[in-house]
Amino acid sequence: MQPLSSARDNVTVGILALQGAFAEHQVMLQKLSLKRRVVIVLAKPVWGTCAGAILLAQAVKGAKKGGQELLGGVSITIERNGFGSQVESFEAPLEVEGLRESNRPFHGIFIRAPVVLSLEPGPTDPPIQIISRISTSLLPPGQTAVPDDEDDTDPRDPRTIVALRQGMHLLTTFHPELTKDDRFHEYFVRECVLPTLSRASSPA
């Protein structure tokens, strides 16, 4: 694992402040030791959290009245407020593949969180990598993303996915920026941002 501090120059990460805790994302990113410069736009690495995850999806169920324009980029269908309303928000420890100290659970904060309904990569799309799932046993009583008449124990069910990556794009249905844990922000820069800089700087 390459330390972030070994990269050269300064890194500039843009935050698309459409909704939610964008100031917290800024604080978390500024705490990282980064030394290269890159400006992230929609054709570059993008990370969507919660409502941002909805914007990155190719299709959405339960869209806002009048429809909802999506940015796309991640080959999934997602459902708004899939885990319930604001009063049904919850927190849960998550096992996350690829994080620094991955044996230490990440504290997931779910606020009107969306739910992934299906993975739909096309033949030319980058593969989808599932980074974290939530066990249905960790959901509050009476709350599940799986209908009562279906099996909620199937680990292959996409509705248990809470973090995934497709190419340069990262998607989380919860809010890592509301914790004091910077490991998800480090993961995004290390796995999605810095590799694009290496490719850009390679001779043709």
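Overview of results
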| item | result |
| --- | --- |
| Hits in region 56-67 - residues which are in contact with a strand residue (DSSP E or B) (Cβ under 6 Å, 6 or more places away or on another chain) and not charged (D, E, K, R) | LEU56, ALA57, GLN58, ALA59, VAL60, GLY62 |
| Residue satisfying condition, being in contact with a strand residue (DSSP E or B) (Cβ under 8 Å, 6 or more places away or on another chain), open to solvent by 50 Å² or more (accessible area, probe 1.4 Å) and hydroxyl-bearing (Ser, Thr, Tyr), within set SER118, SER102 | SER102 |
| Selection from region 80-99 of residues that are surrounded by fewer than 15 Cβ atoms within 10 Å (Cβ to Cβ), at pLDDT 95 or above and hydrophobic (A, V, I, L, M, F, W, C) | none |
| Per-region count, region 105-121, residues in a loop (DSSP other than H, G, I, E, B) and under 20 Å from GLU79 (Cα atoms) | 6 |
| Enumeration of residues in region 29-61 that are open to solvent by 50 Å² or more (accessible area, probe 1.4 Å) and either at pLDDT 85 or above or part of a strand (DSSP E or B) (or both) | GLN58, LYS61 |
| Test: ARG104 is without any contact (Cβ under 8 Å) to a residue 60 or more places away in the chain, assigned by the TED database to the domain that holds ALA53 and closer than 10 Å to ILE54 by Cα | no |
| ARG165, sole failed condition from (1) among the charged types (D, E, K, R); (2) modelled with pLDDT under 95; (3) closer than 23 Å to LEU71 by Cα | (2) |
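The values are calculated or read from the model by the stated rules, or taken from the named source; none is laboratory data. Just so we're clear, the structure is a prediction, and the values are computed from it rather than from any experiment. Virtual Cβ from ideal backbone geometry, glycine too; neighbours counted across all protein chains shown. Protein only, heavy atoms only, side chains kept; ligands, DNA and RNA dropped before computing areas. Shrake-Rupley method; radii C 1.70, N 1.55, O 1.52, S 1.80 Å.
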